[in-house]
Amino acid sequence: MSIELRAASTPTAPGLLLRPWRDDDVAALLAAYRDPVLRSWTRYPVSTTADARAFLRRSRQGWAAGRRFSFAVLEPGPDGERLVANVVLKDVTPGRPYAEVGYWTAAPARGRAVAPRAVTAVSDWALGRFAAGGLTRLELLHQVDNPASCRVAEKSGYVFQEVLPARPPFPRDGHRHVRWRSSRARLAHPPVVSSTFDQD
């Protein structure tokens with residue numbers, strides 16, 4: 001499966017294109033990961049060309065396996081499209097009612113509603129595309145000291161559920177936010193605690 005998603009423009013920012021990562025994204029990926037803030041929130045920083053190629057290889061493998069769908073988020077600019085974010089749908093399993101969404105935003109794109117629009121686009125797609133396989137809810141997890149992710153979750157339709165206790169390799173407690181496909185699904189499937197809150 002290989003698709004493209006779109007997120008609408010805002011009065012202050014252009015629309016977004018979300019597509020699977022490609023081999024020619026190495027340079028853009030490395031540039032994004034030079035940001036120390038991004039590196040501090042991701043479990044597997046991309047520091048070298050080999051790291052970038054491994055990231056892209058894992059992305060292709062996830063799409064091929066039908067379990068992990070990682071999208072490069074692109075924004076048009078005067079010199080062509082530029083990478084502004086990554087959104088990933090993780091742990092999609094037929095018959096299991098939940099999966100996880102993670103994301104990161106490149107430094108120049110922060111504060112312009114890139115993350116909420118991109119997360120919403122992937123969430124809408126996932127809850128429609130995998131409904132027949134039993135998917136009824138998505139989870140977004142982050143550490144408690146990342147209030148920006150709370151705001152992204154809320155703007156993307158995710159409701160705060162609980163504080164998760166810290167567990168290695170994460171030094172702090174986490175927040176779990178949930179978005180349901182419908183209110184009926186919310187009642188039929190009580191929350192299940194996910195095992196990670198990384199954003200890679």
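So here's what we get for this one:
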read-out	value
Chain lengthening between R67 and R96 when straightened (0.36 nm per residue, less Cα-Cα)	9.3 nm
Length released on extending from S9 to R110, taking residue separation times 0.36 nm less the Cα-Cα span	34.8 nm
MRE, 222 nm, helices only [DSSP H, n ≥ 4, -39500 (n - 2.57), over the chain, to nearest 500]	-9000 deg cm²/dmol
With DNA, RNA and ligands ignored, accessible area of T48 (1.4 Å probe; Å², nearest 10)	60 Å²
Summed residue charge, Cβ within 9 Å of L16's Cβ, Lys/Arg positive, Asp/Glu negative	+1
14 Å beta-carbon shell around A132, net charge (K/R +1, D/E -1)	+3
Model label zone, D24; criterion: amide N under 19 Å from point 7 Å along Cα-to-beta-carbon; scope region 75-93	75-85
Rounded accessible area per residue of region 1-123, 1.4 Å, Å²	47 Å²
For region 35-96, the fraction of alpha-carbon pairs in successive 5 Å shells from zero, as %	4, 14, 18, 25, 19, 12, 5, 2, 0
Relative contact order (%) - region 61-128, alpha-carbon pairs under 8 angstrom, separation at least six	25 percent
Where labels lie 7 Å past Cα in the beta-carbon direction, separation of W125 and D173 in nm	3.5 nm
Heavy atoms of L18: accessible area, 1.4 Å probe, square angstrom to 10	0 Å²
Residue-count net charge about V144 - beta-carbon cut-off 9 Å; Lys, Arg +1, Asp, Glu -1	-1
Within the chain, longest stretch clear of exposed trypsin sites (Lys or Arg not before Pro) (DSSP loop, no more than 14 other Cβ within 10 Å)	44-171
Carbon and sulfur %, accessible surface of region 81-130 computed with the full protein complex present, 1.4 Å	56 percent
Rounded tilt (10° steps) of 114-129 against the dominant C-alpha axis of the chain	50 degrees
Theoretical FRET efficiency, 1/(1+(r/R0)^6), r = Cβ-Cβ of S40 and A166, R0 22 Å, to 0.05	0.85
0 to 90° range, to nearest 10: angle between helix 49-65 axis and the chain longest Cα axis	40 degrees
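The values are calculated or read from the model by the stated rules, or taken from the named source; none is laboratory data. Since this is a predicted model, take the numbers as computed values, not measurements. For neighbour counting, all protein chains shown are included, and Cβ atoms are generated from backbone atoms with ideal geometry for every residue, glycine included. With ligands, DNA and RNA removed, areas are computed over all heavy atoms of the protein, side chains included. Shrake-Rupley method; radii C 1.70, N 1.55, O 1.52, S 1.80 Å.
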